[in-house]
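> I'd like to ask some things about the structure below.
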Amino acid sequence: MVEDEDQLRPLLKAELEVVREWRNHPDVRRYMYTQHEIGAEEHLAWFKRAQQDPNRHLLLYLRQGTPMGFANVSIVNVPARRAEWGFYLAPDALPGSGQCLGRATLAYAFETLGLHKLCGEALAFNTRSIRFHERLGFTREATLRDHHFDGQAFHDVIGFGLLASDRTGAKAL
Ligand SMILES: CC(C)(COP(=O)(O)OP(=O)(O)OC[C@H]1O[C@@H](n2cnc3c(N)ncnc32)[C@H](O)[C@@H]1OP(=O)(O)O)[C@@H](O)C(=O)NCCC(=O)NCCS
């Protein structure tokens with residue numbers, strides 16, 4: 001169950017800098033497809049583009065009022081109600097914040113947005129993200145071989161999927 005003191009709500013423009021700091025932290029950046037340091041202008045342009053797209057949901061996760069993570073849900077196929085997600089925690093987030101952010105985002109995706117399927121991708125060396133998806137009930141659906149090139153080496157990517165029907169028995173978690 002999502003903790004009472006947890007909150008997940010749309011990211012505000014005033015909160016962009018804190019999220020950019022997290023995103024640029026080496027412990028987050030190394031697991032992203034784009035690994036360059038993101039400047040303030042690039043970040044603002046990304047935010048503005050997302051704001052104009054009704055299928056993109058940028059979400060701030062707070063624990064007891066303190067921002068501790070970010071998640072985004074992008075609906076990629078409207079008739080199929082299928083979306084992709086991405087997320088990261090504040091580097092100093094309290095232990096357990098990952099699962100809380102995950103459960104809150106799944107509630108938003110399936111209950112608020114009414115999705116049929118949510119998909120995630122993790123670089124094969126991102127063992128925490130892989131464990132995170134598995135704990136949340138995702139099925140490992142694909143191993144995409146040499147799918148990502150980071151400028152120096154190729155990496156496999158693991159594809160995860162969660163259906164609304166997979167959650168029926170898992171809501172009480
Ligand atoms: C991916 C990510 C959100 C996963 O979060 P997480 O690591 O599962 O976060 P949690 O806070 O739930 O758990 C952290 C650890 O504390 C443990 N933990 C969970 N609840 C706890 C609690 N109440 N007390 C103590 N430890 C706890 C977990 O078991 C986990 O241990 P593990 O890493 O050995 O499995 C996070 O690692 C992250 O932001 N990574 C960088 C960005 C990234 O990779 N994004 C995803 C790209 S695909």
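> Are there any trypsin sites (Lys or Arg not before Pro) in region 56-149 that are in a DSSP loop and have at most 16 other Cβ atoms within 10 Å? List them by number. Mind dumping the intermediate values first?
Numbers: sites: ARG56, ARG63, ARG81, ARG82, ARG103, LYS117, ARG128, ARG131, ARG135, ARG140, ARG145; in loops: ARG81.
Loop-located and lightly packed - ARG81.
> With no solvent and one equal point scatterer placed on each C-alpha of region 6-167, evaluate the Debye formula and give log10 I(q)/I(0) for q = 0.18, 0.19 Å⁻¹, two decimals.
Relative scattering, expressed as log10 I(q)/I(0), comes to -1.26, -1.41.
> In which sequence would LEU16, LEU58, LEU94 go, from the one with the fewest C-beta neighbours within 10 Å to the one with the most? Let's see the in-between values first.
Numbers: LEU16 16, LEU58 19, LEU94 13.
Neighbour counts put them in this order, fewest first: LEU94, LEU16, LEU58.
Every number in this text was worked out from the coordinates using simple rules, so none of it is lab data. This structure is a prediction, so every number in the text was calculated from the model and none was measured. Heads up, the Cβs are rebuilt from the backbone with ideal geometry, glycines too, and the neighbour counts pull from every protein chain shown.
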